[in-house]
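Below is one structure; the comments refer to it alone.
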Amino acid sequence: MATRSRKPLEPATPEQREFLERAMTEYGRAAYNFAYRLTGNEPDARDLTQDAFIRVFRAWKSFQPGTSFLSWIYRIITNLHRDELRRRKGVFQQDLPEDNAPQEYGGAKPLAVDPIESYMEGHLGEPLSMALAQLSADQRHVVILADIEELSYQEIAQIVGCSIGTVRSRLHRARNQLRRLVLKAQRNENR
């Protein structure tokens with residue numbers, strides 16, 4: 001995912017710098033983890049997170065105190081990810097592995113991932129992780145936001161930019177598809 005900057009950043013005001021530093025300290029890890037779950041790889045997740053915080057930097061005054069910053073940054077990440085998927089549509093991309101690097105993670109596991117979460121995914125959630133990767137981007141977004149990030153339907157609707165009814169139907173279809181894919185993977189594993 002290539003970082004695209006439109007215009008050079010102007011020097012930050014002290015308030016702007018403080019806002020961004022606080023946002024990155026409090027929400028940087030959550031933003032990166034969300035981006036990683038969407039993209040499935042560390043370089044794209046880092047680019048996506050960086051682009052999102054650049055947007056936060058530029059639009060810091062548009063954030064309304066009293067609203068959820070996490071919902072705001074997730075919406076920014078979701079929109080950036082959608083834009084990138086549209087740009088990539090029809091383009092075959094495959095990262096080249098680094099020399100002598102384990103192939104599963106393209107060289108290194110993401111640094112912001114919780115070790116317990118990593119263990120659980122590696123030992124208990126492989127069929128689930130593989131099934132999640134097979135969902136459409138829209139389905140994966142709602143499942144991650146609802147079942148991993150544990151957001152409400154209202155928050156998900158705001159982030160994804162659709163109605164609560166659409167969130168419910170996407171989530172229902174995604175969970176059914178996920179269930180079928182996990183069962184299929186488990187059956188294949190037991191053969």
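The values are calculated or read from the model by the stated rules, or taken from the named source; none is laboratory data. Values in this document were obtained by computation on a predicted structure and should not be read as measured data. Note that we place each Cβ from the backbone using ideal geometry, even for glycine, and neighbour counts take in every protein chain shown.
Tabulated values for the structure
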quantity	calculated
Subset of the stretch 137-191 (residues that are over 16 Å from the mean Cα position of the chain (by Cα), in a helix (DSSP H, G or I) and of a type in the set (Lys, Arg))	ARG168, ARG170, ARG173, ARG175, ARG179, ARG180, LYS184, ARG187
Inter-residue pairs, beta-carbon under 7 Å, first not assigned by TED's automatic domain parsing to the domain that holds ASP138 and in a helix (DSSP H, G or I) and in the stretch 65-83, second surrounded by fewer than 18 Cβ atoms within 10 Å (Cβ to Cβ) and modelled with pLDDT under 85, 6+ apart	PHE69/PHE63; TRP72/PHE63
Those residues of the stretch 49-60 which are in contact (Cβ under 8 Å) with a residue 24 or more places away in the chain and loosely packed, with under 14 Cβ neighbours inside 10 Å, in sequence order	none
Single unsatisfied condition, GLU104 versus (1) in a loop (DSSP other than H, G, I, E, B); (2) of a type outside the set (A, V, I, L, M); (3) modelled with pLDDT of 80 or more	(3)
Test: residue in the stretch 30-38 that is modelled with pLDDT under 85, among the charged types (D, E, K, R) and either in a helix (DSSP H, G or I) or in contact with a Ser or Thr (Cβ under 8 Å, 6 or more places away or on another chain) (or both)	no
From GLU18, GLU84, residue being surrounded by 14 or more Cβ atoms within 10 Å (Cβ to Cβ) and either in contact with a strand residue (DSSP E or B) (Cβ under 7 Å, 6 or more places away or on another chain) or acidic (Asp, Glu) (or both)	GLU84
